[in-house]
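Chemist: A single structure is presented below for examination.
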Amino acid sequence: MLTIELLDSKRHNRSIFACGNDSLYSYIVKSASQDLKKKVATVFVLIDSPSMDIIAYYTLSTYTVDITNLDKTFTKGLPRYPLLPAILLGHLAVDSSRQGLGGVILIDALKRVLRAIEQVASVAVIVEAIDEKAVNFYQKYGFQQFKEHSFKLYLPVKAIEELCLRFEI
């Protein structure tokens, strides 16, 4: 059974995770536990119970976004503060053998964002795509590119709500 839970370095097996990207592999193996412990990022892992092998993961953390980098149609009704609160989807990776699960963990992350913003304000989710393939993946779900950063994308909270409704979450 597929389960998404908070990373537990004592229980979850990270050593066999292979996503084909050295940076994303290195993060889950070497840095994720420390980021979690130091409250830099919250790391969620997808496992296929009862196995404790990680088959996908993502991270969430707080972020601020410069309002001038966002599309005017999105910022039209927002306060003119120079920086706005957002949530960073900092890493998202799926084991190469289970590539079809990217959408599953993305929707789970967005669902968690909706729950979080009931307590802590945010106007959007921000991602920094690792390559063009990742940009295309996020755009399929409605993410928009920043004006001056083609690998940096955002999804407004209203779009997250609509997306989660579409996936009946």
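The values are calculated or read from the model by the stated rules, or taken from the named source; none is laboratory data. Being a predicted model, the structure only gives us computed values, none of them experimental. Cβ sites come from the backbone with ideal geometry, for glycine too, and all protein chains shown count toward neighbours. The accessibility values were calculated without ligands, DNA or RNA, using every heavy atom of the protein model including side chains. Shrake-Rupley method; radii C 1.70, N 1.55, O 1.52, S 1.80 Å.
Chemist: Carbon and sulfur together cover what percent of the accessible area of segment 1-108 at a 1.4 Å probe radius?
Modeler: 57 percent
Chemist: To continue, here is another question. Tell me, what is the FRET efficiency for residue 51 and residue 140 to the nearest 0.05, using R0 = 25 angstrom and their Cβ-Cβ distance as r?
Modeler: 0.30
Chemist: What are the radius of gyration and Dmax of the chain, computed over its Cα atoms and given in Å?
Modeler: 15.9, 49
Chemist: Which shape class, rounded, prolate or oblate, goes with segment 99-169 when its Cα gyration tensor gives a ≥ b ≥ c as root eigenvalues, a/c under 1.5 marks rounded, and past that a/b bigger than b/c marks prolate?
Modeler: oblate
Chemist: Dipole magnitude of the chain about its Cα centre, charges +1 at Lys/Arg Cβ and -1 at Asp/Glu Cβ only, in debye to the nearest 20?
Modeler: On the way: 20 positive and 18 negative charges, 77 e Å.
It works out to roughly 360 debye.
Chemist: State the extension gain, in nm to one decimal, for the chain segment bounded by residue 118 and residue 72, taking 0.36 nm per residue of separation less the distance between their alpha-carbons. Before the final figure, lay out each step's value.
Modeler: Working: separation 46, 0.36 × 46 = 16.56 nm, distance 2.49 nm.
The span from residue 118 to residue 72 would gain 14.1 nm if fully extended.
Chemist: Would you kindly state how much longer the chain becomes between residue 6 and residue 101 on full extension, computed as 0.36 nm times their sequence separation minus their alpha carbon distance, in nm to one decimal?
Modeler: Value of the extension gain: 32.5 nm.
Chemist: Suppose the chain between residue 42 and residue 128 were pulled fully straight at 0.36 nm per residue; how much longer would it get relative to their current alpha carbon spacing? Walk me through the numbers on the way to the answer.
Modeler: Working: separation 86, 0.36 × 86 = 30.96 nm, distance 1.64 nm.
Result: 29.3 nm gained on full extension.
Chemist: Hey, which of these cross-link pairs are over 18 Å Cα-Cα: 76/158; 111/158; 111/152; 76/147?
Modeler: Over 18 Å Cα-Cα: 111/152.
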